[in-house]
């Protein structure tokens, strides 16, 4: 006699349309050519890709395949010779150096395989440095630093300096530092290359957590086949192009 209301609600939820995620990054026919000894070296050859909001994208390839060059172009550290890169709807590829610097400072975070931490600063101070550089008001530093270090599981190690931390812990500090100013996009160059398989899995779990909690998108390079399963999409790079 009772009406199965819960089942009806479940059915209604299933019938709700899926909201399409917005493109955060769009790459159209990007090429990058360097002059080496008077001859052109074609490093990127007509790259096309998309990265949507709250996605984890991996660029997989051997050393020399062009994935780091592509990552540098995506982050505005380098500019394509041809093609276009649209970030958050704006033509990132055609901006001036100053304009790209402002976009990076406010909307992007970078993670490197060598951690790139200041050796004499504690974990807390390294994260604070990121906030200072982004122009975040000092009154907001304390709560945000604690929040970021808790998110990567280092709230009890925040007063330790890099040499007092393991490689995995240093990489987690680097992640906390990269997300502190609430970027829209994280770019990570081989973030698990210096770590063993157990630590690599922990870092990927952290990435998944911050995508969910911070609504950030991540594009990372890797040659590690053991971590590919957590990606939303994997682009395989060979000789400067996707296959």
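Bear in mind these aren't lab numbers, they're just calculated from the coordinates by the rules spelled out. Only a predicted model underlies this, so the values are computations on that prediction, with no experimental measurement involved. Methodologically, a virtual Cβ is constructed for each residue, glycine included, from the backbone with ideal geometry; neighbour enumeration extends over all protein chains shown.
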Checklist entry - Nearest 0.05, what FRET efficiency do residue 163 and residue 48 give at R0 = 51 Å with Cβ-Cβ as r? => result 0.75
Checklist entry - Distance in nm between label sites at residue 226 and residue 125, each 7 Å beyond Cα in the beta-carbon direction? => result 3.5 nm
Checklist entry - What is the spin-label model distance, in nm, from residue 84 to residue 136 if the labels are put 7 Å beyond Cα along the C-beta direction? => result 3.3 nm
Item to check | Residue exposure sequence - 27, 146, 206 - by fewest surrounding Cβ within 10 Å | outcome: 146, 206, 27
Next on the checklist: Using Cβ counts within 10 Å as a stand-in for footprinting exposure, how do 130, 166, 122 rank, fewest first?
Outcome noted: 166, 122, 130
Item to check | Within a Gaussian network of the chain (alpha carbon springs, distance under 10 Å), most fluctuating of 20, 140, 194 | outcome: 20
Item to check | Nearest-0.05 FRET efficiency for residue 243 and residue 155, computed from C-beta distance (R0 35 Å) | outcome: 0.25
Checklist entry - How large is Rg/Rh for the chain, to two decimals, with Cα atoms and a Kirkwood Rh? => result 1.03
Item to check | Order of 87, 34, 163 under a 10 Å beta carbon neighbour criterion, fewest first | outcome: 163, 34, 87
Item to check | the chain: relative contact order as a whole-number percent, Cα under 8 Å and 6+ apart | outcome: 28 percent
Next on the checklist: Suppose a student asked you for the relative contact order of the stretch 15-113, using Cα pairs under 8 Å spaced at least 6 residues apart; what percent would you report?
Outcome noted: 29 percent
Next on the checklist: Just to be sure I understand: with springs between alpha-carbon atoms less than 10 Å apart, which residue in 186, 149, 77 has the highest mean-square fluctuation in the Gaussian network model of the chain?
Outcome noted: 77
